[in-house]
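**Q** Before I ask anything, let me first share the structure, which is written out below as structure tokens.
The values are calculated or read from the model by the stated rules, or taken from the named source; none is laboratory data. Just so you know, these numbers come straight off a predicted model, no measurement behind them. Positions of Cβ are backbone-derived with ideal geometry, glycine not excepted, and every protein chain shown enters the neighbour counts.
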Amino acid sequence: MKKIVIEPVTRVEGHGKVTIQLDDNNKVTQSRLHIVEFRGFERFILGRPYWEVPVLVQRLCGICPVSHHLAAAKAMDVIVGADKLTPTAEKMRRLMHYGQMLQSHALHFFHLCSPDLLFGFDADPAIRNVIGVIEKHPDLAVQGVMLRKYGQELIKATAGKKIHGTGAIPGGINKNLSIEERDNFLKDIEQILEWSRGALKIAKDYTIDNLDKIASFGSFDSNHLGIVRKDGAMDFYDGGVRAIDKDGNKIFDHLDNQKYHHYIAEEVKSWSYMKFPFIREIGHENGWYRVGPLARVNVCDYIDTPEAEAARKEFMAVTDNKPNNITMAYHWARMIEMLHSVEVIKSLLNDDDLQGNDLVVSGERRNEGVGIIEAPRGTLFHHYQVNDNDQITMANLIVSTTSNNEPMNQAVKKVAEERISGKPEITEPLMNEVEVAIRAYDPCLSCATHALGKMPLKFELLDNDGHIIQTESRN
Amino acid sequence: MADITFKIDNVDIKGKPGQTIMEAADAAGIYIPRLCTYEGLQPHGSCRVCTVFVNGRAQAACTQPIAEGITVDNSSEEVQQIRKDIIEMLFVEGNHYCMFCEKSGNCELQALAYRLGVLAPKYPYLFPKRDIDASHKDIFIDRNRCVLCGRCVRASQDIDGKNVFEFVDRGPDKRVAVNSEAKLSDTEIDVTDKAVEVCPVGALLKKRVGYAVPIGERLYDNKPIGSEIENKNQSS
Ligand code: FES
């Protein structure tokens, strides 16, 4: 295995590697996706003062830094004893977070996955890319840019900068939203809503029109996990962790967030830099779970904004109100979430708590804190211990892509099994399909490096003895 | 006593006997970049960011007294280049991660780099191993960011009357130590001491107040360092 060392503060990106092993009859015995990950980071922050962490951890990711910012800030709220934030602080953070959800989902949908949906994922990669979208559907390409920009401006207005801002501080927020800023957003909100509805329709129509073909594509039954509000509503910013099985039975619900490690464990495997989280009570064999848009729509009882709730009902009807386990349905779920985010943003903008001046609270100081949030790619856990000198002594993060690690491996395996039946060869269609299946999960490795529609993937085909028969590279 | 007349960049300046070039320039609303100097503390002359050419020779403006008829070069490319190089060296000698440092936006080193147009350093980063002293309940030292300006040493001694800090070792190993057996918490420093306030970078900081000022409202977000001196001239 090629060893790639990631400096502690670089973005999480890089090459994925897929290895497929065959038996003597050329049947797939094992297939794996290897992703480079940022193990060094948790060490890097040891000794740093705790209030620095929400700003520092944003360096983890160039695409969703806000998620790390807020998850760390939530953990630090626990440290400083801020058990209930002021309405202004909580709503400013929510506005930041839903703005980020909008920008991240818009980027993924319009620039990374829309080529697969608009041209069909078996189309020639030469046209199946963002340039192809710009040529064939220029209006959509522009909408993607504008939606993303709107989300980024929300981040700037709440965090101070479009990337790597400082808005959330332990116990609250460092600014409110001025009337002028608010009015600037309100004047465009109807247009943003309209475009989000349009994107949702594309994703929905694609899924329903192609259901025969995609129902089994890279699909498999799994558990699903995400945070939901106390009453079961979808909530990206705060709530209790809920896990359900493939049929929708609850495995656990709203256990203590501060004790997540009592019900979620992480397995280290020798062949991957990434950890494999699993639900303790089920065990590592079958306890893995999916996170992200598909899981969130599956685990919530309802969505508390009308248009997204109507869309959720349509979505759930496809699988008779049972959890949807179709990998390609991630795209549809993601667009339901994008519309929901815009609905939430609109209602927040109309809430004058955002103009309040009560920004920070504190209480009894603690030495340990956990912050859990729904990042665009799924549930994100930040866990810290702090000594009496205010320094970090322990950090553990479970990022969304880590939780989706096993599911992505499963998806790759499904595709490999279907494509390599007796023919020991890595073909173009195989590589395409692996890429499309992985992309449904919007993993971090795809985030910064494949703007032209090609994920930087390496493929290795191994025989029964582990000898490499073929290698291919896509980049 | 009669005024002393001299030139900075071909502009006639009148100063008082005993003034340094920097003091006379300040009074005239001309900004000379600086780092170790701090109003109210004895000039130290150690950082050399204030380098000017006096009759063609490099001098530290913060310590060099004015004299009748001298010509001071405060803006030639050569002078600017020396200052830029010094700032660059300060960056590579320490571990300055502006992107997450709580002093960002309020940091004089960063503001100088912006004002002087320092881009990616041409010198290699040294990534020194430096330590943190977080033992005090309200103050912490992050030596990764210390530029050895000595402001805290002088302020503690001359203004706070406490002598909390001192320089130890030499050359690349030189560092600010605390005047106690081990840790900052063992000294008599207090969070209200002048020594804590004068640090130009994020090396000596008050605890738990980082990032409280939003981006856009920090000291150098909207105006470059030195503009307070230049504006003084315009309003008078
Ligand atoms: S300011 Fe003159 S030497 Fe530092």
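**Q** Among the residues of the range B:154-193, how many are within 16 Å of the ligand (Cβ to nearest atom), at pLDDT 95 or above and among the aliphatic types (A, V, I, L, M)?
**A** We begin by selecting, within the range B:154-193, every residue within 16 Å of the ligand (Cβ to nearest atom); these are B:154-155, B:167, B:174, B:176.
Imposing the further condition that a residue be at pLDDT 95 or above reduces the set to B:154-155.
Those still in the list that are among the aliphatic types (A, V, I, L, M) too: B:155.
Number satisfying all stated conditions: 1.
**Q** Output the residues belonging to the range A:113-136 that are among the hydrophobic types (A, V, I, L, M, F, W, C) and within 17 Å of A:K204 (Cα to Cα). So that I can check it myself, show each step before the final result.
**A** Within the range A:113-136, the subset among the hydrophobic types (A, V, I, L, M, F, W, C) is A:113, A:117-119, A:121, A:123, A:126-127, A:130-131, A:133-134.
A:C113, A:L117, A:L118, A:F119, A:F121 - these are the residues of the range A:113-136 that are among the hydrophobic types (A, V, I, L, M, F, W, C) and within 17 Å of A:K204 (Cα to Cα).
**Q** Could you check how many residues of the range A:353-391 are free of Cβ contacts under 8 Å to residues at least 40 places away in the same chain and either more than 14 Å from chain B (Cβ to nearest Cβ) or over 25 Å from B:K137 (Cα atoms) (or both)?
**A** Adding up the residues that qualify gives 1.
**Q** Moving on to the next point. Conditions first: (1) in contact with a Gly (Cβ under 8 Å, 6 or more places away or on another chain); (2) part of a helix (DSSP H, G or I). A:K322 passes all but one, so which condition is the exception?
**A** (2)
**Q** Just one of the numbered conditions (1) buried (at least 23 other Cβ atoms within 10 Å of the Cβ); (2) out of contact with any Ser or Thr (no Cβ under 6 Å at 6 or more places or on another chain); (3) in the same structural domain as A:K149 (by TED's automatic domain parsing) is not true of A:D124; which one?
**A** Result: A:D124 fails condition (1) only.
**Q** Determine if the range A:175-185 includes at least one residue that is touching a Pro at 6+ places or on another chain (Cβ under 9 Å) and within 14 Å of chain B (Cβ to nearest Cβ).
**A** Just the residues of the range A:175-185 that are touching a Pro at 6+ places or on another chain (Cβ under 9 Å), to begin with: A:175.
If we keep only those that are within 14 Å of chain B (Cβ to nearest Cβ) too, we end up with A:175.
Yes, there is a match, as at least one residue in the range A:175-185 is touching a Pro at 6+ places or on another chain (Cβ under 9 Å) and within 14 Å of chain B (Cβ to nearest Cβ).
**Q** What number of residues within the range B:32-43 satisfy the criterion of being under 15 Å from B:V201 (Cβ atoms) and either more than 10 Å from the chain's Cα centre (by Cα) or within 6 Å of the ligand (Cβ to nearest atom) (or both)?
**A** Total meeting the criteria: 4.
**Q** Something else now. Does B:F53 meet the test of being assigned by TED's automatic domain parsing to the domain that holds B:I141 and away from the ligand (no atom under 13 Å from the Cβ)? Walk me through it before giving the result.
**A** Working: assigned by TED's automatic domain parsing to the domain that holds B:I141: no; away from the ligand (no atom under 13 Å from the Cβ): yes.
Taking the combined requirement at face value, the residue does not satisfy it.
**Q** Residues in the range A:219-228: is at least one over 30 Å from A:A416 (Cβ atoms) and touching a residue at least 12 places away in the same chain (Cβ under 8 Å)? Break it down into steps so the answer makes sense when it comes.
**A** At the first step, the residues of the range A:219-228 found to be over 30 Å from A:A416 (Cβ atoms) are A:227-228.
Of the ones still in play, those that are also touching a residue at least 12 places away in the same chain (Cβ under 8 Å) are A:227-228.
Yes, the range A:219-228 contains a residue that is over 30 Å from A:A416 (Cβ atoms) and touching a residue at least 12 places away in the same chain (Cβ under 8 Å).
**Q** Does A:M338 meet the test of being out of contact with any Cys (no Cβ under 6 Å at 6 or more places or on another chain), crowded, with 24+ Cβ neighbours inside 10 Å and not polar (S, T, N, Q)? Even if it seems obvious, please write down each step before you answer.
**A** Numbers: out of contact with any Cys (no Cβ under 6 Å at 6 or more places or on another chain): yes; crowded, with 24+ Cβ neighbours inside 10 Å: yes; not polar (S, T, N, Q): yes.
So A:M338 passes the test.
**Q** Another question about this same structure. Identify the single condition in (1) part of a strand (DSSP E or B); (2) within 14 Å of the ligand (Cβ to nearest atom); (3) more than 21 Å from B:L116 (Cα to Cα) that B:K7 does not satisfy, given that it satisfies every other one.
**A** (2)
**Q** Tell me which of these B:L109 doesn't satisfy, since it passes every other one: (1) within 15 Å of the ligand (Cβ to nearest atom); (2) within 14 Å of another protein chain (Cβ to nearest Cβ).
**A** (2)
**Q** Can you tell me which residue within the range B:154-181, out of those that are of a type in the set (A, V, I, L, M) and within 28 Å of A:N387 (Cα to Cα), is surrounded by the fewest Cβ atoms within 10 Å (Cβ to Cβ)?
**A** Start the filter on the range B:154-181 by keeping residues that are of a type in the set (A, V, I, L, M), which leaves B:155, B:159, B:164, B:168, B:176-178.
In the following step, the residues that additionally are within 28 Å of A:N387 (Cα to Cα) were identified as B:164, B:176-178.
Working: B:V164: 24, B:V176: 22, B:A177: 16, B:V178: 22.
Among residues in the range B:154-181 that are of a type in the set (A, V, I, L, M) and within 28 Å of A:N387 (Cα to Cα), the one surrounded by the fewest Cβ atoms within 10 Å (Cβ to Cβ) is B:A177.
**Q** Search the range B:82-97 for residues that are closer than 11 Å to B:L112 by Cα and pair each with any residue that is of a type in the set (F, W, Y) and outside any helix (DSSP H, G or I) when their beta-carbon atoms are under 6 Å apart and the residues are at least 6 apart or on different chains.
**A** B:E88/B:Y123
**Q** In a loop (DSSP other than H, G, I, E, B) and either more than 13 Å from the ligand (Cβ to nearest atom) or buried (at least 19 other Cβ atoms within 10 Å of the Cβ) (or both): is that true of B:G29 in this structure? I'd like the intermediate steps shown before the answer.
**A** Working: in a loop (DSSP other than H, G, I, E, B): yes; either more than 13 Å from the ligand (Cβ to nearest atom) or buried (at least 19 other Cβ atoms within 10 Å of the Cβ) (or both): yes.
Judged against the criteria, B:G29 is a match.
**Q** I would also like to ask the following. Take B:P17 and decide whether it is at negative phi, surrounded by fewer than 20 Cβ atoms within 10 Å (Cβ to Cβ) and not in a strand (DSSP E or B). Spell out how you get there, then give the answer.
**A** Numbers: at negative phi: yes; surrounded by fewer than 20 Cβ atoms within 10 Å (Cβ to Cβ): yes; not in a strand (DSSP E or B): yes.
Here the answer is yes, as B:P17 does meet what is asked.
**Q** Turning to a different aspect of this structure: Which one of the conditions (1) within 22 Å of the chain's Cα centre (by Cα); (2) surrounded by 18 or more Cβ atoms within 10 Å (Cβ to Cβ); (3) free of Cβ contacts under 8 Å to residues at least 40 places away in the same chain; (4) within 14 Å of chain A (Cβ to nearest Cβ) does B:P214 fail to meet, given that it meets all the rest?
**A** The failed condition is (1).
**Q** Further question: B:G56 fails exactly one of the following numbered conditions: (1) under 30 Å from B:R208 (Cβ atoms); (2) surrounded by fewer than 18 Cβ atoms within 10 Å (Cβ to Cβ); (3) not β-branched (V, I, T). What is the number of that condition?
**A** All conditions pass for B:G56, except number (1).
**Q** Just a yes or no: is a residue in the range A:254-264 surrounded by 13 or more Cβ atoms within 10 Å (Cβ to Cβ) and farther than 20 Å from A:R296 by Cα? Even if it seems obvious, please write down each step before you answer.
**A** Applying the first criterion (surrounded by 13 or more Cβ atoms within 10 Å (Cβ to Cβ)) to the range A:254-264 yields A:254-255, A:257-258, A:260-261, A:263-264.
The next check asks that each one be farther than 20 Å from A:R296 by Cα; those that pass are A:258, A:261.
Looking for residues that are surrounded by 13 or more Cβ atoms within 10 Å (Cβ to Cβ) and farther than 20 Å from A:R296 by Cα, one finds at least one in the range A:254-264, hence yes.
**Q** Does the range A:158-165 include one or more residues that are more than 14 Å from chain B (Cβ to nearest Cβ) and either in a loop (DSSP other than H, G, I, E, B) or not aliphatic (A, V, I, L, M) (or both)?
**A** no
**Q** Go through the range B:58-84 and give me each residue that's assigned to a strand (DSSP E or B) and of a type in the set (V, I, T).
**A** Filtering the range B:58-84 down to residues assigned to a strand (DSSP E or B) leaves B:58-60, B:65, B:71-73.
B:T71, B:V72, listed by residue number.
**Q** Same structure again: Surrounded by fewer than 22 Cβ atoms within 10 Å (Cβ to Cβ) and within 18 Å of the chain's Cα centre (by Cα): which single residue out of A:K275, A:K322 fits that description? Write out each step before concluding.
**A** On the way: A:K322 fails: within 18 Å of the chain's Cα centre (by Cα).
Answer to the selection: A:K275.
**Q** For the range B:73-88, check the following and say yes or no: at least one residue is within 12 Å of the ligand (Cβ to nearest atom) and touching a Pro at 6+ places or on another chain (Cβ under 9 Å).
**A** yes
**Q** Now for a separate question. Within the range B:195-211, take every residue that is surrounded by fewer than 19 Cβ atoms within 10 Å (Cβ to Cβ) and over 19 Å from A:A73 (Cα atoms) and give me the one that is nearest to the other protein chains (Cβ to nearest Cβ).
**A** B:K206
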